[in-house]
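Written out below as structure tokens is the structure these notes cover.
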Amino acid sequence: VKVPADGEYEIVVTASCTAANGQNAKFKLKVDGAVVGFETQLKSEEAKDYAFTAALKSGERKIAAEFTNDLYKEGEYDLNFFLNGLKLVRVK
């Protein structure tokens, strides 16, 4: 994404999952490879917003969500993470 100016931003990740083995998906938000906040577990399988605050420098930034607890057993379960959207809002 292109960050227009240095400042504090709220990064809102809209995510959903398919649960498995009694667990929902977990993810880490990263900006330019650095983790923002803490590992986050989705509250449900439905798409919900998860907000993070980060100080960002202007220019091109790489924002990524890393799926951290993938589970799969053929024919039994498959835990999946879905990134439904991302929004960047300047707060300061």
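The values are calculated or read from the model by the stated rules, or taken from the named source; none is laboratory data. These numbers were taken from a predicted model, which means no experiment stands behind them. FYI the Cβ positions are ideal-geometry reconstructions off the backbone, even for glycines, and counts take in every protein chain you see. We work out accessible area using only protein heavy atoms, side chains counted, and drop any ligands, DNA or RNA first. Shrake-Rupley method; radii C 1.70, N 1.55, O 1.52, S 1.80 Å.
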Neighbours by Cβ (under 9 Å, 6+ apart or cross-chain): first from the stretch 23-39, under 20 Å from Leu56 (Cβ atoms) and in contact (Cβ under 8 Å) with a residue 40 or more places away in the chain; second hydrophobic (A, V, I, L, M, F, W, C) and not in a strand (DSSP E or B)
Phe27/Leu42
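Can you work out which of the residues in the stretch 44-61 that are within 24 Å of Gly22 (Cβ to Cβ) and more than 13 Å from the chain's Cα centre (by Cα) is least open to solvent (accessible area, probe 1.4 Å)? Write out each step before concluding.
Going residue by residue through the stretch 44-61, those that are within 24 Å of Gly22 (Cβ to Cβ) are 44-50.
Pick out the ones that are also more than 13 Å from the chain's Cα centre (by Cα) and you get 44-46.
Numbers: Ser44: 28, Glu45: 93, Glu46: 126 Å².
Only one residue fits best here, namely Ser44.
State all residues of the stretch 65-92 that are part of a strand (DSSP E or B), aliphatic (A, V, I, L, M) and open to solvent by 40 Å² or more (accessible area, probe 1.4 Å); if no residue qualifies, say none.
Taking the stretch 65-92 and keeping what is part of a strand (DSSP E or B), we get 65-67, 72-73, 77-78, 80-90.
Going one step further and asking which of them are aliphatic (A, V, I, L, M), we end up with 65, 83, 86, 88-89.
Residues satisfying the conditions are Leu83, Leu86, Leu88, Val89.
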In the stretch 34-43, the residues that are within 10 Å of the chain's Cα centre (by Cα) and not in a strand (DSSP E or B)
Leu42
